[in-house]
1. For the subset of the stretch B:144-175 comprising residues that are of a type outside the set (Gly, Ala, Ser) and within 9 Å of ligand 1 (Cβ to nearest atom), which member is farthest from the other protein chains (Cβ to nearest Cβ)?
2. Could you list, in sequence order, all residues of the stretch B:90-113 that are under 17 Å from B:VAL33 (Cβ atoms) and assigned to a loop (DSSP other than H, G, I, E, B)?
3. Of the residues B:GLY29, B:GLY99, only one is at pLDDT 95 or above and in contact with a strand residue (DSSP E or B) (Cβ under 7 Å, 6 or more places away or on another chain); which?
4. Here are some residues: B:GLU64, B:GLU77, B:GLU87. Which one is more than 16 Å from ligand 1 (Cβ to nearest atom), in contact (Cβ under 8 Å) with a residue 12 or more places away in the chain and either part of a loop (DSSP other than H, G, I, E, B) or within 27 Å of B:ASP194 (Cβ to Cβ) (or both)?
5. Out of all the residues in the stretch B:128-138, is one or more within 16 Å of ligand 2 (Cβ to nearest atom), loosely packed, with under 14 Cβ neighbours inside 10 Å and under 29 Å from B:CYS35 (Cα atoms)?
6. When you check A:VAL121 against the structure, is it crowded, with 22+ Cβ neighbours inside 10 Å and modelled with pLDDT under 95, yes or no?
7. What is the one condition in (1) in contact (Cβ under 8 Å) with a residue 24 or more places away in the chain; (2) within 14 Å of chain A (Cβ to nearest Cβ); (3) buried (at least 19 other Cβ atoms within 10 Å of the Cβ) that B:SER93 does not satisfy?
8. Of everything in the stretch B:22-40, what is surrounded by fewer than 24 Cβ atoms within 10 Å (Cβ to Cβ) and either part of a helix (DSSP H, G or I) or facing another protein chain (nearest Cβ under 9 Å) (or both)? Give them in sequence order.
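The values are calculated or read from the model by the stated rules, or taken from the named source; none is laboratory data. The shown structure was predicted, so the numbers you read here are calculated from the model rather than taken from an experiment. Note that we place each Cβ from the backbone using ideal geometry, even for glycine, and neighbour counts take in every protein chain shown.
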Amino acid sequence: MRLNYPPNVRIVAVPCTGRVDMIHLLRAIEQGADGVYVAGCMEGECHFVSGNLKARRRVEAVKKLLREIGIEPERVEMFNVSASDGPRFAAVAREMTERVRGLGPSPLAKDHPLDLHLQAVG
Amino acid sequence: MVIAERKPIEEILAMVADFKKVLLVGCKGCVTVCCAGGTKEVGILGSALRIARKKAGNPLALVEHTLERQCDPEYIEQLAPMLENGEFDAVLSMACSVGPQFIAKRYLKQVFPALNTTFIGGSLEHGVWAEFCQSCGNCIIHNFGGLCPISRCSKSLMNGPCGGSSGGKCEVSNEIDCVWQLIYDRMTALGQVDRMRKIFPIKDWSTSRDGGPRKITREDLKL
Ligand code: SF4
Ligand code: SF4
C-alpha cells in the first residue's frame, strides 16, 4: 500500500508508546517542532497491555503543562491507529498537519517560521 | 519518606523572572521516589521553564544537575565548581525544603524552592501518596494497633473516635478514612479491643515542634 502523508511529518520510532515520556514531547516543542503527536495502537490492543493508555495520560499531562506556560495544548496530541491501518495513519498525519497549520508556527521556532514541522512518535 | 510536590509553574516562573542563568538542582533521595524532584522531574521542569522563557522573548540559560542527596553537606559541596565562578545567578532546588536551605547555607546565591514539602508518608499505589506520620518525636502507635492517631486523625485525638466519625469516614472529608474506626477494627481483629478502654493522657508535645527546632547528636557517629 503506497499512501501519501504530509512530508512535514517526521517519524520517531519507539518500541511501544508506553516508552514515550513527557520529556520526549517537551523536547520536541522546546526544539521548535510546531506540533508533536503520539500514534499508538488501538486501546485494548497494546502488546504490552497498557503502553498506549499510559502514553495518553502522559500526553494529557504535557498538554496541562503547556497550557500553564502559555503554549497551545493542541500542539500535542495522542491518536490511536491500528498498526495495519495505513489509511488511518495517513489521515491522522493530515489531520494533525491541518490543526497545526491552523495554529501557526510554534512561538519557539522564530528562526524558521514558515517551516511546518511535526513529529509523530510511536 | 518525605513527600513533596512541584509548585505551580507560574509560581516558579515568577520566582526566577529576574534571573537569566539558573542552576536547577534535583535530588536522588525521597523526592526521586515520590516523583517530585529527581532527574526526570528536573528534565521536565527545566524544559518547561526554557520553553516559557523563550516564548516570552527572555531566554533562560538553565542547567540541570541532580545530586545524590541535598540533605548532606558533602553532596552540596559538589556544586562548588558550578556556584563559585559566577556562572549562575540563582539556584532552583527540586529537593524537599531541606535542600534549598542547605544550598543557601553553603553558597551566597539566591536560592528558590521548586517544591512544596508536604508530609511524611508512603505510596498507596503508583501515583498516590498519603500521610502516615507527623514526626511527633515520641511514637505511640503500638497502643493503637499500629496506626497513628496523631497524623491520621484530623484532630490528633488520643481517645477517639469523635462524634463526627461516620461510616468509617472522617467528618472533615469523605476522602479521609477515620483512623479511629480503623484502630477499632484492627484492635477487634487482634482480639485487643478491651485495651481501648484505657484513657490516654494528653500528649506531651515537647518532643514535637512545641519544644522548638529539634536536633539529634550521636557522639558514636561523629568523625
Ligand atoms: S505517633 Fe508520632 S512518631 Fe508515631 S507515627 Fe504518629 S506522628 Fe509519627
Ligand atoms: S472522624 Fe475520626 S479521623 Fe475524623 S476527627 Fe473524628 S476521630 Fe479523627
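1. Here is the first cut: in the stretch B:144-175, the residues of a type outside the set (Gly, Ala, Ser) are B:144, B:147-150, B:152-153, B:155, B:157-159, B:161-162, B:169-172, B:174-175.
Next, only the ones that are within 9 Å of ligand 1 (Cβ to nearest atom) stay: B:144, B:147-150, B:152.
Values: B:PHE144: 37, B:LEU147: 32, B:CYS148: 32, B:PRO149: 35, B:ILE150: 34, B:ARG152: 29 Å.
Within the stretch B:144-175, the match that is farthest from the other protein chains (Cβ to nearest Cβ) is B:PHE144.
2. Selection gives B:MET94, B:ALA95, B:CYS96, B:SER97.
3. Numbers: B:GLY29 fails: in contact with a strand residue (DSSP E or B) (Cβ under 7 Å, 6 or more places away or on another chain).
The conditions single out B:GLY99.
4. B:GLU87 is the lone residue from the list that is more than 16 Å from ligand 1 (Cβ to nearest atom), in contact (Cβ under 8 Å) with a residue 12 or more places away in the chain and either part of a loop (DSSP other than H, G, I, E, B) or within 27 Å of B:ASP194 (Cβ to Cβ) (or both).
5. Scanning the stretch B:128-138 turns up no residue that is within 16 Å of ligand 2 (Cβ to nearest atom), loosely packed, with under 14 Cβ neighbours inside 10 Å and under 29 Å from B:CYS35 (Cα atoms).
6. Spelling it out, A:VAL121 is indeed crowded, with 22+ Cβ neighbours inside 10 Å and modelled with pLDDT under 95.
7. The one condition B:SER93 does not meet is (2).
8. B:CYS30, B:THR32, B:VAL33, B:THR39, B:LYS40, listed by residue number.
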